[in-house]
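Note sheet for the following structure.
The values are calculated or read from the model by the stated rules, or taken from the named source; none is laboratory data. Small disclaimer: the values here were computed from a predicted structure and weren't measured. Cβ sites come from the backbone with ideal geometry, for glycine too, and all protein chains shown count toward neighbours. What goes into the accessible areas is simple: the full protein's heavy atoms, side chains included, and nothing from ligands, DNA or RNA. Shrake-Rupley method; radii C 1.70, N 1.55, O 1.52, S 1.80 Å.
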Amino acid sequence: MSELTTTQAIAAFLTPTAVFAILLVLHGLLPARRVEGHPRAGTGGQPDRYRLNGLLVFAVALLIWWFEWTGAPCEWLWTAKWHLISGGLALSVALTAWMVLRAPADDRSALVQWLEGRSRNAQFRGDIDAKMFLYIFGGTLLALNALSSAAYHQGLHGDAANIGLFLHAAMWVWFVADYFVFERVMLYTFDLIEERLGFKLIFGCIVVYPSLYPIALWATAHLPAPDIDPAWQPLWLGGSATVFLIGWVITRGANFQKYLFKRHPDRAFLGFLRPATVTDGERTILCSGFWSKARHTNYTGEVLEALGMALALGLFTNIWAWIYFIYLTIFFIVRERIDDGRCAAKYGALWTEYRSRARYRLVPWVY
């Protein structure tokens, strides 16, 4: 742990709150697209309206970080990382208390209401959506944590720095920027439509997503470059980038295909892939393209992205380089099982029919 003065420790603890406030102001003031989302249950088919400017907020946040306009050096988030987590936890508790207590109680236990939340949505000023802003915060801080780690590594090792670590950080920036480019897709996901605003979601966006996902960088930014023969570097760096990009194509393609289907059910994906479905006349499930062989190929794509990130570091025997990949693999195997049970309960025989068409869970012809 880096030694901080008392003043620095207090500033580090308050950093998540300061970032939250800065991003909220940017989100509220910068130009935005105003769009409608997918209707939620209990709204009578009336969709909520959203302001989408995540990419612009992200770009301005990068400028603030690069030019150190807050007074904090570029490597500050790496230096303050442990205080950042504790400050994020405190902010999560405060926000959860506010979000839960402002909504009517229900018949679930108090603990469940705290963890899962009471309301599925909260909007302020008419178009600032709590969930969408939390995703802006989490994604932006994730990228800034990655870049801060790279800045620390560069300052420590200079010309002897690990180029793979910079590639790893760049992958995180790509990951976040891609989310903001396709921000509207999020409006049609289960997370936004159904998940409640409780500690699980809030802590996930404020601490887990931005601070624990890039844990490989936090744990390895102080290490020197791996001793890899220069002749093998094109294979190492090019191979890891290729694995990452294959994963990105799968994840982005699958998510965008489903988004397009929900908005325009009769439109061909990529201009030529006509949607195939199973339906009972009231409900419809897409079963073509990315969704024809495995029921959650989008999860598989994210695991491949994580594998590419781990390989990029070049620290093949360092367990910290693999933590995110291992975590994500286990997480999606478990989540797929939960999702499968939820869909079976929701769709009944229709889900059974879809299972018969898309026989595999994550990887076609494997699992």
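So the values come out like this:
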read-out: Long-range amide H partners of Thr277 with built H, under 5 Å; value: Cys287
read-out: Per-residue HN-Hα couplings for region 342-350 [Karplus 6.51, -1.76, 1.60; θ = phi - 60°; Hz; x = Gly/Pro]; value: 5, 5, 4, 5, 6, 9, x, 4, 5
read-out: For region 192-204, Karplus couplings with θ = phi - 60° (6.51, -1.76, 1.60), whole Hz, Gly/Pro x; value: 6, 7, 10, 5, 8, 8, x, 4, 4, 6, 5, 5, x
read-out: Inverse mean reciprocal Cα-Cα distance (Kirkwood Rh) of region 205-305, Å; value: 16.7 Å
read-out: Label-point separation in nm, Phe124 to Thr279, each point 7 Å along Cα→Cβ; value: 4.1 nm
read-out: Eligible lysines near Lys81 by straight Cα distance, threshold 28 Å, same-chain separation 8 or greater; value: Lys131, Lys200
read-out: Carbon/sulfur fraction of accessible area - the chain, other protein chains in place, 1.4 Å, %; value: 66 percent
read-out: Estimated 222 nm signal from helices in the chain, with DSSP H stretches of n ≥ 4 weighted -39500 (n - 2.57), rounded to 500; value: -19000 deg cm²/dmol
read-out: Amide H contacts under 5 Å for Ala225, placed H, 5+ residues apart; value: Asn162
read-out: With DNA, RNA and ligands ignored, accessible area of Phe203 (1.4 Å probe; Å², nearest 10); value: 50 Å²
read-out: Gain on full stretching of the segment that runs from Leu24 to Tyr367 - 0.36 nm per residue minus C-alpha separation; value: 119.3 nm
read-out: Heavy atoms of His222 accessible to a 1.4 Å probe, total area in Å² rounded to 10; value: 80 Å²
read-out: Aspartates and glutamates whose Cα lies under 13 Å from that of Lys258, excluding same-chain neighbours fewer than 8 positions away; value: Asp266
read-out: Phe331, Phe272, ranked by accessible area, largest first (probe 1.4 Å); value: Phe272, Phe331
read-out: Accessible heavy-atom area order of Glu305, Glu353, highest first, probe of 1.4 Å; value: Glu353, Glu305
read-out: Heavy atoms of Glu36: accessible area, 1.4 Å probe, square angstrom to 10; value: 80 Å²
read-out: Of [x] 0.97; [y] 1.16; [z] 0.93, the label for Rg/Rh (Cα atoms, Kirkwood Rh) derived from the coordinates; value: [x]
read-out: Gyration tensor (Cα) of region 266-347, equivalent ellipsoid semi-axes in angstrom; value: 33, 18, 6
read-out: Accessible surface, the chain, averaged per residue in Å² (probe 1.4 Å); value: 48 Å²
read-out: Accessible surface, 1.4 Å probe, highest first, among residues Arg118, Arg125, Arg355; value: Arg125, Arg355, Arg118
